[in-house]
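Below: the structure, in structure tokens.
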Amino acid sequence: MNVRRWIGYVLVAIAGCSGQGQDSAHERPNILLVFTDDHAAHAVSAYGSVLNQTPNIDRLAAEGILFRNAFVTNSICAPSRATVLSGQYGHLNGVPTNRDTLYSATVTFPGLLQDVGYQTAIVGKWHLKISPKGFDHYEVLRGQGPYYNPVLYTPTDSVRYEGYTTDIITDRALEWMRQERDPSEPFLLMYQHKAPHREWAPGPDQLDLYTDIELPEPSTLFDDWEGRTSAAQTQEMTIARDMTDRDLKFVPPANLTEAQLETWYAAYVPRNEALEAAGLEGDELVRWKYQRYVKDYLRAIASVDDNLGRVLDYLEEEGLADNTVVVYTSDQGFFLGDHGWFDKRWMYEESLRTPMLIRWPAGIEAGTVSDAMVQNLDLAETFLDLAGALIPNSMQGRSMVELFDGEAPADWRDAIYYQYFEYPGWHMVRRHYGVRTQTHKLIHYYEIDEWELFDLVTDPDELSSVHADPQYADVRATLALQLDSLRTHFAVPDEDQVPYVVWPPGG
């Protein structure tokens, strides 16, 4: 065990075993969760992005730990957030889809941190259908919220701010840390961005990024999905045919002031006129759409990264950095033209994976890397462990603190379980569940009883299912047993609790 990690454990143990004394409480680490929306791991330079640089996110990797194999339980916004709060899968906490409401009686880690003396706050995207509980302070967007001029809701008020939402969320988070927290007590701050969610509207400082650059295309941009089930054939998330005029910036973002509209038109009208003059069609038009989409997506990420730098600088200036656990992650991954798609939802790698980086100078050696399989399911338990609080048996994940030296204990998980419920719905991705190990993935589209099996070593892009290949019979049987075991372990009902709904909304 390295010295930093040992010191961290001692600090937590002291805090957990002592009473409510001010000095011992102050020894417990502050916790800052930086949570973005739809930020794919392959759009983080610390994860090897060939598209962009994220220097401030990379600081966390250089000064802390990067998890190479971080996954979500369900790749969609509200269910992921409910899982982070509760340490439970959606079938237990009440949020298997974006339509559902978190059970009001669900135990969440912010409330448990309050019980052991933490100040708790959330600023930014909430996206759950009940008022935040377990927080001393909150300022949250309603629903998805706009990219410009947002309204932030508090327990007693709503305030409209003018500007770019990523900047404003950062301003408000810094304001809480500077003016409202009690410096004698540890804090939890959930600092949660809307970006880079669809429609990927850039901030004013990032509008011209990548303008004269041709970004590399994914090798699967023109995937025909022939090696997979009918589910892959019938989705509605292609760059070629399913993007809207607002996605592609033929229409400006909602909610802009006259000055903001003028800035937007100055950036996009010449680019759109150039497209019209070029008269592109077919594959060349798809390539143009890919460039337009990915550049805007990366511009939104650049703003997130710049604003994270502001927060990290504040921690340094105030002497808080050494004993503040900073976690950067996202609610899920995203397709960046991979398989010809945008969005998420699938158990395929680009959607299933999420960035997970943690910096804690008092307890993690700089530059640590872990190959252990972790999930958003583990965050609540990790935060409670760091605070010296008891972890309820109702939580289904496991604290990542024991991975902070880069070595996984012998009994760490060797497979993860995933389930997606929201069909029919946006993008028409079929309901499915599956198991992923370090080398293979088995997926069951259970409503249509179709299966996929991928060898992630020989086919990392998941282009050809080998489920029917007799050479994989033993692998298939082993994975099927693991899948059944995980469904039992996580108390997954045999029948879906999610009803069929009329689609599209309103019939």
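Taking amide H as placed 1.01 Å from N in the peptide plane, Leu141 has its amide H under 5 Å from the amide H of Gly124, Lys125, Trp126, Tyr153, each at least 5 places away in sequence or on another chain. Which whole number in µm²/s is D for region 39-154 by Stokes-Einstein, with the Kirkwood Rh taken over Cα pairs at 20 °C and 1.002 mPa s? Once the numbers are plugged in, D ends up at 133 µm²/s. Summing charges over neighbours of Pro355, with a neighbour being any other residue whose Cβ is under 14 Å away from its Cβ, gives -2 when K and R count +1 and D and E count -1. Scanning residues 5 or more positions from Tyr148 or on other chains, those with amide H under 5 Å from its amide H are Thr165, with H placed 1.01 Å from N in the peptide plane. The residues Ser49, Ser465, Ser104, Ser303, when put in order of fewest to most other Cβ atoms within 10 Å, stand as Ser104, Ser49, Ser465, Ser303. In whole angstrom, the chain maps to an equivalent ellipsoid with semi-axes of 34, 30, 21, each derived as √(5λ) from the alpha carbon gyration tensor and ordered largest first.
Applying a DSSP loop filter and a limit of 14 other Cβ atoms within 10 Å to the GluC sites (Glu not before Pro) in region 129-217 leaves Glu162, Glu214.
Suppose only helical runs count, i.e. DSSP H with n ≥ 4. What mean residue ellipticity at 222 nm does that imply for the chain under -39500 (n - 2.57) per run, divided by all residues and rounded to the nearest 500 deg cm²/dmol? It lands at -9500 deg cm²/dmol. Distances between every pair of Cα atoms in region 419-489, grouped in 5 Å steps from 0 to the bin holding the largest one, split as 3, 16, 24, 26, 17, 10, 3, 0 percent. Loop-located GluC sites (Glu not before Pro) in region 251-348 (DSSP state other than H, G, I, E, B) with a sparse environment of at most 16 neighbouring Cβ atoms within 10 Å: Glu281, Glu318. Scaled against the 2.2 N^0.38 Å expected of a compact globular protein of N residues, the Cα radius of gyration of region 172-303 reads 1.38. Panel order for Val269, Val492, Val140, Val429, by other beta carbons found within 10 Å of each beta carbon, from fewest to most: Val269, Val492, Val140, Val429.
Stretched out straight at 0.36 nm per residue, the stretch from Leu285 to Glu180 would grow longer than its current Cα-Cα span by 32.7 nm. With contacts taken as Cα pairs under 8 Å at a separation of at least 6 residues, the chain carries a relative contact order of 25 percent.
Residue exposure proxy: His440, His39, ordered by other Cβ atoms within 10 angstrom of their Cβ from fewest to most, comes out as His440, His39. Which of the pairs Lys129/Lys441; Lys289/Lys441; Lys125/Lys289; Lys129/Lys344; Lys344/Lys441; Lys194/Lys295 have their Cα atoms more than 26 Å apart in this structure? From the list (Lys129/Lys441; Lys289/Lys441; Lys125/Lys289; Lys129/Lys344; Lys344/Lys441; Lys194/Lys295), the Cα-Cα distance tops 26 Å for Lys129/Lys441; Lys289/Lys441; Lys125/Lys289.
Taken together, the values in this text are just the output of simple stated rules run on the coordinates, not laboratory data. Nothing here was measured: the structure is a model prediction, and the numbers come from that model. Reconstructed Cβ throughout: ideal geometry from the backbone, glycine too, with neighbour counts over all protein chains shown.
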